[in-house]
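Encoded as structure tokens, the structure appears first; notes follow it.
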Amino acid sequence: MGILQLISENIEMIYLIILMIFVGIELISHVPSVLHTPLMSGANAIHGVVIIGAIIVMGQAQETLHLILGFIAVVLGTLNVVGGFVVTDRMLEMFKKKK
């Protein structure tokens, strides 16, 4: 299967990804800078969906490459989720009274 055939079979997905990129850039550019950190920490926590998808891919993997890519996605998704919770915890510490 050539790259052109792969592109022609998945052209709807490519258009959808391009649309998502433009919508994401438009949404983020209108968020005040004060809210960037809470938005990013929430988005990282939602990233758990990627972990579930990667686990599903790993469960149905028939080739070693698919298994390795699924494992890498699980590791990176887990790092992103943990990072989101760490950032959220750090933000909440800023609002606590100092003793």
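The values are calculated or read from the model by the stated rules, or taken from the named source; none is laboratory data. A quick note: this is a predicted structure, and the numbers were derived from the prediction, not measured. Because the Cβ atoms are built from the backbone with ideal geometry, glycine has one as well, and the counts that use them run over all protein chains shown. SASA here: full protein model, heavy atoms, side chains in, ligands and nucleic acids out. Shrake-Rupley method; radii C 1.70, N 1.55, O 1.52, S 1.80 Å.
Phe85 falls short on exactly one of the conditions (1) exposed (fewer than 12 other Cβ atoms within 10 Å of the Cβ); (2) in contact (Cβ under 8 Å) with a residue 40 or more places away in the chain, and that condition is (1).
For the subset of region 14-48 comprising residues that are of a type in the set (Val, Ile, Thr), open to solvent by 100 Å² or more (accessible area, probe 1.4 Å) and within 18 Å of the chain's Cα centre (by Cα), which member is nearest to Val81 (Cα to Cα)?
Only one residue tops the list, namely Ile46.
The numbered conditions (1) at pLDDT 80 or above; (2) within 12 Å of the chain's Cα centre (by Cα); (3) β-branched (Val, Ile, Thr) are all true for Ile11 except (2). Within region 50-75, if we keep just the residues that are under 30 Å from Leu35 (Cβ atoms) and either touching a helix residue (DSSP H, G or I) at 6+ places or on another chain (Cβ under 8 Å) or polar (S, T, N, Q) (or both), the residue that is least open to solvent (accessible area, probe 1.4 Å) turns out to be Ala54.
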